[in-house]
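> The structure's right below; bear with me while I get my questions together.
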Amino acid sequence: MRKLAAGNWKMNGTGPAIAEAEALIAAHPSAPCDILICPPATLLSRLSAAAQGSALLTGGQDCHTAASGAHTGDISAQMLKEAGASYVILGHSERRADHGETSALVAAKTRAAWENGLIAVVCVGETGAERDAGRTLDVIASQLQDSLPDGLSGANTVIAYEPVWAIGTGRIPTLEQIAEVHDFMSKTLSARFGDASGGLRLLYGGSVKPSNAAEIFAIPNLHGALVGGASLKASEFGAIVAALSAS
């Protein structure tokens, strides 16, 4: 199993940001782990062209369930694929919160991604209130059950655990808390999908940075990270890639 360092640029970056990706490519012409950047849709085609022939993979940050139609402002999985993407992030907590996305909708988007040859990075995670109420594992179980269609495999899906209260806040769960959730996800997915879940990569996301990457990557059943702000700078994301490569 190749581990995965995935960068989510969110709504950040215009043309000059491509230079950061090019610096990352130059610093890591090859790596024992997969390296992914999911830029804004406006940069996807240009970043994919810049990454051609390199170790860098590209992806989208969302897709619609439909292949085409009257969906102003949306983008289809087929469009992402044509722009050079091989992955797409789905069900990120910011989409669930800001756009009211349900787990059922995430499952439909995941099917659309699969149908167009994209690997779905499906995000799950609890809010601070849910964590404080002791409901973390119940929330994760429900999101895994409802966000993942039948047919999942390690070849078409990645799962990212992102505690909502840790995203962009600088707050980080303890290593024991992260380990508990990743162990729970591994067992839950194995029980439902059997051997198909054997190659499934489980990422952690939420204020991952060079200073804490190595200790996070030492956690069992954890195969990489979904990185936000730190992925915008080649020096920071490169250090995280190096830590994952050494883990």
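The values are calculated or read from the model by the stated rules, or taken from the named source; none is laboratory data. In this text the structure is predicted, and so the values were computed from the model without any measurement. All Cβ positions, even for glycine, are placed from backbone atoms using ideal geometry, and neighbour counts span all protein chains on display.
> For region 116-139, which residues satisfy the criterion of being more than 21 Å from residue 174 (Cβ to Cβ) and among the hydrophobic types (A, V, I, L, M, F, W, C)?
Result: 118, 119, 120, 121, 122.
> Being surrounded by fewer than 20 Cβ atoms within 10 Å (Cβ to Cβ) and at pLDDT 95 or above is the filter here, so list the residues in region 132-143 that pass it. First the steps, then the outcome.
Our first condition is that a residue be surrounded by fewer than 20 Cβ atoms within 10 Å (Cβ to Cβ); within region 132-143, this holds for 132-135, 137-139, 141-142.
Correct list: 133, 134, 135, 137, 138, 139, 141, 142.
> Looking at this structure, is residue 236 under 16 Å from residue 7 (Cα atoms) and not aliphatic (A, V, I, L, M)?
Working: under 16 Å from residue 7 (Cα atoms): yes; not aliphatic (A, V, I, L, M): yes.
When the stated conditions are applied, residue 236 passes them.
> Another question, then. Go through region 70-113 residue by residue and tally those that are closer than 11 Å to residue 156 by Cα, surrounded by fewer than 19 Cβ atoms within 10 Å (Cβ to Cβ) and not basic (Lys, Arg). So that I can check it myself, show each step before the final result.
Kept after step one, since they are closer than 11 Å to residue 156 by Cα, are these residues of region 70-113: 86-88, 110-111, 113.
Next, only the ones that are surrounded by fewer than 19 Cβ atoms within 10 Å (Cβ to Cβ) stay: 86, 111.
After this cut, where a residue has to be not basic (Lys, Arg) as well, the list is 86.
Number of matching residues: 1.
> Quick check: anything in region 56-78 over 14 Å from the mean Cα position of the chain (by Cα) and among the acidic types (Asp, Glu)?
Taking region 56-78 as the starting set, the residues that turn out to be over 14 Å from the mean Cα position of the chain (by Cα) are 56, 64-78.
Of the ones still in play, those that are also among the acidic types (Asp, Glu) are 74.
Within region 56-78 (the criterion being over 14 Å from the mean Cα position of the chain (by Cα) and among the acidic types (Asp, Glu)), the answer is yes, since at least one residue qualifies.
> Which ones in region 136-161 are free of Cβ contacts under 8 Å to residues at least 24 places away in the same chain and in contact with an Asp or Glu (Cβ under 7 Å, 6 or more places away or on another chain)?
139
> Kindly indicate the residue of region 170-217 that is of a type in the set (A, V, I, L, M) and free of Cβ contacts under 8 Å to residues at least 40 places away in the same chain and also surrounded by the fewest Cβ atoms within 10 Å (Cβ to Cβ) among those meeting that condition.
In this case the residue turns out to be 191.
> Sort out which residues of region 145-162 are in a strand (DSSP E or B) and not hydrophobic (A, V, I, L, M, F, W, C), and write them in order of number. Walk me through how you get there before you give the answer.
Our first condition is that a residue be in a strand (DSSP E or B); within region 145-162, this holds for 157-161.
Matches in region 145-162: 157, 161.
> Quick one: which helices (runs of 4 or more DSSP H) sit completely within region 1-88 and have at least 2 residues that are in contact with a Phe, Trp or Tyr (Cβ under 7 Å, 6 or more places away or on another chain)? Steps first, answer last, please.
Numbers: elements: 18-27, 41-51, 77-82.
Per the criteria, no element qualifies.
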